[in-house]
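**Q** If you scroll down you'll find the structure; I have some questions about it.
Please treat every number below as a calculation from the coordinates, not as lab data. Every value quoted in this text rests on a predicted model; they were computed, and no experiment measured them. Neighbour counts are summed over all protein chains in view; Cβ atoms, including those assigned to glycine, are modelled from backbone coordinates with ideal geometry.
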Amino acid sequence: MISTRGPGLYEVTGQVADWVAQSGLSDGLCTLFLRHTSASLVIQENADPDVRRDLEAFFARLVPDADAPQMAYLTHRYEGPDDMPAHIKAALLPVSLSIPLVDGRLGLGTWQGIYLFEHRSAPHRREVVCHLSG
């Protein structure tokens, strides 16, 4: 379970790495699946926080809240002005990731991290299903 405080990228690399280490599996595949339609999973740079800020700003500009004039065409507004834009962002970005396991560790590159990308304004508890195969 991952708790969010609102929109943004939340790094979960350490949690996933710990889970993989506890499994004892040496080589195989780690599949992550997000059980929500208004958030995403992404692999991104984890060294410079400006990358996260720029990604957040880009997607906020690409798909603003439904109360922005350019979004007047949206009809799904039952859960607030951030809901349908969150669904659009989740449709553009992945909700599952596959990461190879090499010698018992995630096969990520030097600057890569795993992130949950929260698209809603309110805090949420997000569930990620992890599956290992070897």
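**Q** Output the residues belonging to the stretch 100-130 that are in contact with a Gly (Cβ under 9 Å, 6 or more places away or on another chain) and loosely packed, with under 12 Cβ neighbours inside 10 Å.
**A** Hit for the stretch 100-130 is Pro123, nothing else.
**Q** For the stretch 42-75, which residues satisfy the criterion of being small (Gly, Ala, Ser) and closer than 17 Å to Gly109 by Cα?
**A** Within the stretch 42-75, Ala47 is the sole residue that qualifies.
**Q** For the stretch 57-95, which positions are surrounded by 11 or more Cβ atoms within 10 Å (Cβ to Cβ), basic (Lys, Arg) and under 21 Å from the mean Cα position of the chain (by Cα)?
**A** Lys89, the sole residue that qualifies.
**Q** Scan the stretch 37-58 and tell me whether some residue there is of a type in the set (Phe, Trp, Tyr), on the phi < 0 side of the Ramachandran plot and touching a residue at least 12 places away in the same chain (Cβ under 8 Å).
**A** There is no residue in the stretch 37-58 that is of a type in the set (Phe, Trp, Tyr), on the phi < 0 side of the Ramachandran plot and touching a residue at least 12 places away in the same chain (Cβ under 8 Å).
**Q** Something else: Just give me the residues in the stretch 20-30 being exposed (fewer than 14 other Cβ atoms within 10 Å of the Cβ) and touching a residue at least 12 places away in the same chain (Cβ under 8 Å), in sequence order.
**A** Residues satisfying the conditions are Ala21, Gly24, Ser26, Asp27.
**Q** State all residues of the stretch 115-134 that are under 21 Å from Ala57 (Cβ atoms) and assigned to a strand (DSSP E or B); if no residue qualifies, say none.
**A** Across the stretch 115-134, the qualifying residues are Tyr115, Leu116, Phe117, Glu118, His124.
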